[in-house]
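Asks: Dropping the structure in here first, questions after.
The values are calculated or read from the model by the stated rules, or taken from the named source; none is laboratory data. All figures in this text were calculated on a predicted structure; none of them were measured in a lab. Neighbour counts run over all protein chains shown; Cβ positions are idealised from the backbone, glycine included.
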Amino acid sequence: MTTLVILAAGQGSRFGGPKQFSRFGSLNKTLMEYNICHAIDAGFKKIIFITQQIFKDRIANEIIAFLPQNINAIIIIQKIDDLPKQCIITANRNKPLGTAHAIWCIRDKITENFVVINADDYYGQSAFEQLITNSERYPNHHLIVTYLLEKTLSENGSVNRGFCTLSDENILKSVAEYQNIIKTPTTIQDKIQDTIQGTTGNQPAETLAADSLVSMNCWLFNPDIFNIIEQQLIQTFSCNVRPDKECYLPEVVMQQIVQESKKVKVLTSHDDWFGLTYTADSNTVSNNIVRLTDKGLFSSLLIVE
């Protein structure tokens, strides 16, 4: 397992622009590049960028051009019309179809297990090392790297997080989506909106445990994920689908868990995690990158100027 897939198609509407190209620290690199640094150090050899057509040249000229020559880098365009034949979407739709559809678009480029991350989050060194190690221990499992809730919050507004429920053997049982999570001076609070399994409700705000394990969209998948993605895309994009409906990776994973066709081993990173949700998050990200650079975490950054 040496393939890293980076989801880099976002428009960054809340952020005010395509945040995957924001640069930080004395090295003046994107979060994509800091993650790629850790991935290469861990043993990854191939990088697949999934993006929109409008970002293709920027990824090629600003990111891939500065990668080591021994890294196999590919750009895949997430095309709205790249769907199973049974799917129906409106002719004038231009909104992306979701993270599961993004992965569907690389089905012809994958022959082995692969890791998926977001382009606008920083996952830390441990995540990539754990994924490499455990891909050998659990070759037939999916893997997920989780983080402590308290380490994933923004100082500048509310966030949404997927809360993970585990078995005694650290196997994923479910993922519940919580929205509008806010850290108060004394607690972390949220109002649960729905679960990945599809139930809904309007429960009152509740206090959340700081050490709850949450998904930050850092997965390892087997190629058999594509069969389930196909089923989920067909189910999601029917003739009566809402024009803004999307198909997400956790829905696909939960479908395999419900069908008992796949186990998902849960790993936990205690490294720093940070990302870009709001424009003001840039200050926090910049300070964190400077601190980590001073610690020498990027001393082996294998990017050729």
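Asks: Considering only the range 123-146, state which residues are aromatic (Phe, Trp, Tyr) and in a helix (DSSP H, G or I).
Replies: PHE128 - this is the single residue of the range 123-146 that is aromatic (Phe, Trp, Tyr) and in a helix (DSSP H, G or I).
Asks: Still on this structure: Mind checking which residues of the range 158-167 are out of contact with any Ser or Thr (no Cβ under 7 Å at 6 or more places or on another chain) and surrounded by fewer than 16 Cβ atoms within 10 Å (Cβ to Cβ)?
Replies: ASN160, SER167
Asks: OK, next. Report yes if some residue within the range 158-171 is touching a residue at least 40 places away in the same chain (Cβ under 8 Å), over 13 Å from LEU213 (Cα atoms) and in contact with a Leu (Cβ under 8 Å, 6 or more places away or on another chain); otherwise report no.
Replies: The answer is yes, given that some residue of the range 158-171 is touching a residue at least 40 places away in the same chain (Cβ under 8 Å), over 13 Å from LEU213 (Cα atoms) and in contact with a Leu (Cβ under 8 Å, 6 or more places away or on another chain).
Asks: Say whether the condition of being over 23 Å from HIS38 (Cβ atoms), outside any helix (DSSP H, G or I) and of a type in the set (Gly, Ala, Ser) is met by at least one residue in the range 147-155.
Replies: Looking for residues that are over 23 Å from HIS38 (Cβ atoms), outside any helix (DSSP H, G or I) and of a type in the set (Gly, Ala, Ser), one finds none in the range 147-155, hence no.
Asks: Which one is nearest to THR3 (Cα to Cα), of the residues in the range 214-235 that are polar (S, T, N, Q) and in contact (Cβ under 8 Å) with a residue 40 or more places away in the chain?
Replies: Out of the qualifying residues, it is ASN222.
Asks: Within the range 204-237, track down each residue that is among the acidic types (Asp, Glu) and assigned to a strand (DSSP E or B).
Replies: Of everything in the range 204-237, just one residue is among the acidic types (Asp, Glu) and assigned to a strand (DSSP E or B), namely GLU206.
Asks: Of everything in the range 77-115, what is closer than 16 Å to ILE36 by Cβ and not aromatic (Phe, Trp, Tyr)? Give them in sequence order.
Replies: Within the range 77-115, VAL115 is the sole residue that qualifies.
Asks: Take the range 168-202 and flag every residue that is of a type in the set (Val, Ile, Thr), surrounded by 14 or more Cβ atoms within 10 Å (Cβ to Cβ) and modelled with pLDDT under 55.
Replies: Hits for the range 168-202 are THR195, ILE196.
Asks: Of the residues PHE66, PHE55, only one is out of contact with any strand residue (DSSP E or B) (no Cβ under 6 Å at 6 or more places or on another chain) and buried (at least 19 other Cβ atoms within 10 Å of the Cβ); which?
Replies: Answer to the check: PHE55.
Asks: Of everything in the range 279-291, what is modelled with pLDDT under 95 and surrounded by 18 or more Cβ atoms within 10 Å (Cβ to Cβ)? Give them in sequence order.
Replies: Of everything in the range 279-291, just one residue is modelled with pLDDT under 95 and surrounded by 18 or more Cβ atoms within 10 Å (Cβ to Cβ), namely ASP281.
Asks: Between GLU246, GLU206, which is acidic (Asp, Glu), over 19 Å from SER167 (Cα atoms) and more than 20 Å from the chain's Cα centre (by Cα)?
Replies: Going through GLU246, GLU206 in turn, the sole match is GLU206.
Asks: Quick one: what pairs do we get from the range 182-199, first residue under 17 Å from THR277 (Cβ atoms), second modelled with pLDDT under 80 and surrounded by fewer than 17 Cβ atoms within 10 Å (Cβ to Cβ), C-beta under 7 Å, 6+ apart or different chains?
Replies: Taking only residues 6 or more apart or on different chains, the pairs are ASP190/ALA205.
Asks: Right, VAL241: modelled with pLDDT under 95 and surrounded by fewer than 16 Cβ atoms within 10 Å (Cβ to Cβ) or not?
Replies: no
Asks: Within the bounds of the range 255-273, is there any residue that is closer than 19 Å to ILE6 by Cα, modelled with pLDDT of 95 or more, crowded, with 18+ Cβ neighbours inside 10 Å and of a type in the set (A, V, I, L, M, F, W, C)?
Replies: no
Asks: Tally the residues that are part of a helix (DSSP H, G or I) and either free of Cβ contacts under 8 Å to residues at least 60 places away in the same chain or in contact with a Lys or Arg (Cβ under 9 Å, 6 or more places away or on another chain) (or both), restricting the search to the range 238-280.
Replies: 4
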